[in-house]
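The values are calculated or read from the model by the stated rules, or taken from the named source; none is laboratory data. In this text, all values refer to a predicted model and were calculated from it rather than measured experimentally. Neighbour counts are summed over all protein chains in view; Cβ atoms, including those assigned to glycine, are modelled from backbone coordinates with ideal geometry. Surface accessibility is based on the protein's heavy atoms, side chains included, excluding ligands, DNA and RNA. Shrake-Rupley method; radii C 1.70, N 1.55, O 1.52, S 1.80 Å.
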Amino acid sequence: MRNQNRTDHKQLTQQDFVEQAEKALRKAVGSDADVSVQKVCKNNGIILTGVSIFGQERNVSPTVYLESYYEQYLQGESMEEILEEILSCYREHDPWLSFDTGFFVDYELAKEHIAYKLISREKNEKLLEEIPYIPYLDLAITFFCKIEHEELGCGAIQVRNEHMWMWGVTREQLLEDAKRNMPTLYPELVCTMPELLKSVEKEQEVPQEMIEEVEKAKEIAMYVVTNAYKSYGAAVMLYEGIFDGLSERLKSSLAILPSSVHELIVLPVRSKEEAASLRDMVHEINTTRVEPEEVLTDSVYYYGQDVRTVTLLGKH
């Protein structure tokens with residue numbers, strides 16, 4: 001049946017697909033829940049269409065993004081099958097409770113949960129107009145409030161300009177509090193490549209192609225720098241002394257390669273020129289192997305053993 005309907009499927013535009021899916025979901029859940037469809041701006045300017053279903057007396061809901069379902073639709077999957085998949089996802093992850101976000105209103109309560117991540121300045125110009133940030137090299141330090149719940153698990157609320165104004169704090173205050181919190185909220189994880197690959201199964205991992213290319217070019221030790229959650233772990237490069245210890249251990253200056261927003265690859269080099277020679281590889285991997293939303297930058301960074309600072313070497 002799927003193949004017989006394939007031509008008909010392709011007559012629907014993505015917008016028509018979204019509208020039909022929303023209408024069908026509203027009918028399926030009836031008056032017991034509310035269906036919300038909205039555009040969500042993800043990292044690097046990626047815009048996705050998210051659908052959430054809020055049950056009565058519940059203020060949290062998983063967000064299901066419809067782009068992948070539209071691709072399934074174009075490949076011949078029926079609307080009925082897709083809607084059942086969306087509803088199954090919602091039932092599986094629906095927390096069946098509300099989350100008290102009252103603490104977020106009071107900065108004295110929220111400040112212990114303030115954290116930061118690194119994103120590209122160039123790829124997020126529009127987003128950076130709406131959120132507080134601190135420039136760092138070619139990147140931006142942005143802020144979020146980590147939320148934890150016994151049943152819901154971990155989540156995050158992006159700190160926006162209106163939150164900063166509501167709290168009456170500055171970007172500098174956010175940075176100061178986040179610096180204090182990060183080592184506890186997101187402990188650093190520094191390990192060799194084999195150690196990482198042993199520990200990671202289905203989680204996000206460094207692109208295999210990058211591993212192979214670096215190992216092919218240099219028979220040297222490589223380290224992965226991330227956090228214990230392996231989520232936006234590239235921000236660990238801001239932790240005080242993070243590269244001092246590695247440089248001392250390797251008795252060398254370091255090339256810092258942004259594998260993604262989630263981790264960095266660090267390897268010993270003799271000079272800035274040697275580190276800069278890896279830019280083409282970083283660019284190629286970002287272009288062909290990393291999800292657009294998870295690219296950090298095409299730049300390569302250099303940690304000088306003598307000056308003990310991180311330098312931007314530029315892009316491809």
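For region 227-244, enumerate the residues that are aromatic (Phe, Trp, Tyr) and outside any loop (DSSP other than H, G, I, E, B).
243
Suppose the filter is under 18 Å from residue 241 (Cα atoms) and not in a loop (DSSP other than H, G, I, E, B); does residue 311 pass it?
yes
Within region 108-123, how many residues turn out to be within 22 Å of residue 226 (Cα to Cα) and in contact with a strand residue (DSSP E or B) (Cβ under 9 Å, 6 or more places away or on another chain)?
Total meeting the criteria: 9.
What are the residue pairs meeting all of these: first residue in region 73-92, first residue over 14 Å from residue 29 (Cα atoms), second residue open to solvent by 30 Å² or more (accessible area, probe 1.4 Å) and acidic (Asp, Glu), Cβ atoms under 9 Å, and 6 or more apart or on different chains?
Listed pairs, sorted by first residue: 77/85.
The rows are residues; the columns are (1) farther than 27 Å from residue 34 by Cβ; (2) modelled with pLDDT of 90 or more.
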position: 71; (1), (2): no, yes
position: 79; (1), (2): no, no
position: 87; (1), (2): no, no
position: 90; (1), (2): no, no
position: 95; (1), (2): no, no
position: 102; (1), (2): no, no
position: 114; (1), (2): yes, yes
position: 129; (1), (2): yes, yes
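For every residue, the table says whether it meets (1) at pLDDT 65 or above; (2) open to solvent by 80 Å² or more (accessible area, probe 1.4 Å); (3) assigned to a helix (DSSP H, G or I).
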residue: 176; (1), (2), (3): yes, yes, yes
residue: 179; (1), (2), (3): yes, yes, yes
residue: 184; (1), (2), (3): yes, yes, yes
residue: 190; (1), (2), (3): yes, no, no
residue: 196; (1), (2), (3): yes, no, yes
residue: 203; (1), (2), (3): no, yes, no
residue: 210; (1), (2), (3): no, no, yes
residue: 215; (1), (2), (3): no, yes, yes
residue: 225; (1), (2), (3): yes, no, no
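Find the residue count for region 261-301, including only residues that are within 18 Å of residue 233 (Cα to Cα) and either out of contact with any Asp or Glu (no Cβ under 7 Å at 6 or more places or on another chain) or assigned to a loop (DSSP other than H, G, I, E, B) (or both).
Of the residues in region 261-301, 19 are within 18 Å of residue 233 (Cα to Cα) and either out of contact with any Asp or Glu (no Cβ under 7 Å at 6 or more places or on another chain) or assigned to a loop (DSSP other than H, G, I, E, B) (or both).
Test residue 247 against the criterion of being in a loop (DSSP other than H, G, I, E, B) and surrounded by fewer than 24 Cβ atoms within 10 Å (Cβ to Cβ), and give yes or no.
When the stated conditions are applied, residue 247 does not pass them.
Please go through region 115-141 and pick out each residue that is in a strand (DSSP E or B) and touching a residue at least 40 places away in the same chain (Cβ under 8 Å).
115, 116, 117, 118, 119, 120, 134, 136, 139, 141
Give me the residue from region 1-36 that is modelled with pLDDT under 80 and among the hydrophobic types (A, V, I, L, M, F, W, C) and, out of that set, nearest to residue 65 (Cα to Cα).
33
Table: residues versus (1) open to solvent by less than 20 Å² (accessible area, probe 1.4 Å); (2) closer than 30 Å to residue 47 by Cα; (3) touching a Ser or Thr at 6+ places or on another chain (Cβ under 7 Å).
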| position | (1), (2), (3) |
| --- | --- |
| 260 | yes, yes, no |
| 271 | no, no, no |
| 283 | no, yes, no |
| 287 | no, yes, no |
| 297 | yes, yes, yes |
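Considering only region 263-288, state which residues are of a type in the set (Gly, Ala, Ser) and either in contact with a Phe, Trp or Tyr (Cβ under 6 Å, 6 or more places away or on another chain) or in contact (Cβ under 8 Å) with a residue 24 or more places away in the chain (or both).
Answer for region 263-288, where residues must be of a type in the set (Gly, Ala, Ser) and either in contact with a Phe, Trp or Tyr (Cβ under 6 Å, 6 or more places away or on another chain) or in contact (Cβ under 8 Å) with a residue 24 or more places away in the chain (or both): 275, 276.
Of the conditions (1) charged (D, E, K, R); (2) buried (at least 20 other Cβ atoms within 10 Å of the Cβ); (3) farther than 19 Å from residue 138 by Cα, residue 306 satisfies every one except a single condition; which number is it?
Of everything listed in (1) charged (D, E, K, R); (2) buried (at least 20 other Cβ atoms within 10 Å of the Cβ); (3) farther than 19 Å from residue 138 by Cα, residue 306 misses just condition (2).
Can you tell me which residue is modelled with the lowest pLDDT among those in region 304-316 that are under 26 Å from residue 44 (Cα atoms) and either in contact with a Ser or Thr (Cβ under 7 Å, 6 or more places away or on another chain) or basic (Lys, Arg) (or both)?
Among residues in region 304-316 that are under 26 Å from residue 44 (Cα atoms) and either in contact with a Ser or Thr (Cβ under 7 Å, 6 or more places away or on another chain) or basic (Lys, Arg) (or both), the one modelled with the lowest pLDDT is 315.
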